[in-house]
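Take a look at the structure below.
The values are calculated or read from the model by the stated rules, or taken from the named source; none is laboratory data. Values in this document were obtained by computation on a predicted structure and should not be read as measured data. Neighbour counts are summed over all protein chains in view; Cβ atoms, including those assigned to glycine, are modelled from backbone coordinates with ideal geometry.
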Amino acid sequence: MTTTTPDTAPPRFAAPGSHAEVEEGTTLMPRFGADGLIAAVVTDFETGDVVMLAWMNAEALAKTIETGEGWYWSRSRQELWHKGATSGHAQTVKEMRVDCDQDAILIKVATAGTGANCHTGRKGCFYRTVPVGHKVSPTLALDFTGDVPLFDPKKVYGG
């Protein structure tokens, strides 16, 4: 699941240690899932709004740490992607955190261009609400939040 070549070794992080080392230690020991991925919750540095949820493999996590820009693993395309490489809406990492058991990453970013983080052109990927307290059915309707596209995705990505 990495894009490394036989000439380059994949990035190496410390292996998860004891319960105390993982939860209270000062060494990054990311716990990737069986699929080699770790969840990355991405928020807007200024507002704190969640703008996207993405996945990272070891290479994406290492590139993000080393470059200070958002790199992720696309599960649908099965490839590494640099956020903003196509759209120009690159993410500058302002802060990264790891959760208590080191199986999720929080990334606080400032986004270039229009500030859009979603491929739909919106500020964030969470632009619809799910009604709570209603019976679940195949017709359960979502409501839009009012987060309108900041650019035309067809012009940027084609289609």
Might you let me know whether segment 80-89 holds any residue that is among the polar types (S, T, N, Q) and closer than 12 Å to MET52 by Cβ?
no
For residues that are more than 22 Å from the chain's Cα centre (by Cα) and part of a loop (DSSP other than H, G, I, E, B), scanning just segment 21-37, find the one that is surrounded by the fewest Cβ atoms within 10 Å (Cβ to Cβ).
THR26
For the subset of segment 80-101 comprising residues that are polar (S, T, N, Q) and under 15 Å from the mean Cα position of the chain (by Cα), which member is nearest to GLY159 (Cα to Cα)?
GLN91
Pair list, Cβ under 7 Å, 6 or more apart: segment 96-120 residue in contact (Cβ under 8 Å) with a residue 24 or more places away in the chain and among the polar types (S, T, N, Q), other residue in a loop (DSSP other than H, G, I, E, B) and surrounded by fewer than 15 Cβ atoms within 10 Å (Cβ to Cβ):
THR120/PRO149
Set THR67, THR129, THR139: member being over 23 Å from GLY33 (Cα atoms) and either touching a Phe, Trp or Tyr at 6+ places or on another chain (Cβ under 9 Å) or aliphatic (A, V, I, L, M) (or both)
THR129
So how many residues does segment 55-89 have that are under 20 Å from THR114 (Cα atoms) and either touching a His at 6+ places or on another chain (Cβ under 6 Å) or not aromatic (Phe, Trp, Tyr) (or both)?
12
Can you name every residue in segment 124-134 that is at pLDDT 95 or above and assigned to a loop (DSSP other than H, G, I, E, B)?
GLY124, CYS125, PHE126, TYR127, VAL130, PRO131, VAL132, GLY133
Of the residues VAL51, VAL109, which is over 23 Å from LYS155 (Cβ atoms) and modelled with pLDDT of 95 or more?
VAL109
Among what's in segment 98-137 and is out of contact with any Leu (no Cβ under 6 Å at 6 or more places or on another chain) and of a type in the set (S, T, N, Q), pick the residue that is surrounded by the fewest Cβ atoms within 10 Å (Cβ to Cβ).
SER137
Looking at segment 135-150 only, could you name the residues that are among the hydrophobic types (A, V, I, L, M, F, W, C), in a loop (DSSP other than H, G, I, E, B) and closer than 20 Å to LEU53 by Cα?
LEU142, VAL148, LEU150
Exactly one of GLY88, GLY121 is touching a Phe, Trp or Tyr at 6+ places or on another chain (Cβ under 7 Å), small (Gly, Ala, Ser) and within 24 Å of LEU150 (Cβ to Cβ), and that one is GLY121
Any chance you could count how many residues in segment 66-97 are surrounded by fewer than 17 Cβ atoms within 10 Å (Cβ to Cβ), assigned to a loop (DSSP other than H, G, I, E, B) and of a type in the set (Ser, Thr, Tyr)?
2
Hits in segment 79-91 (condition: farther than 21 Å from PHE126 by Cβ and modelled with pLDDT of 95 or more):
GLU79, LEU80, HIS82
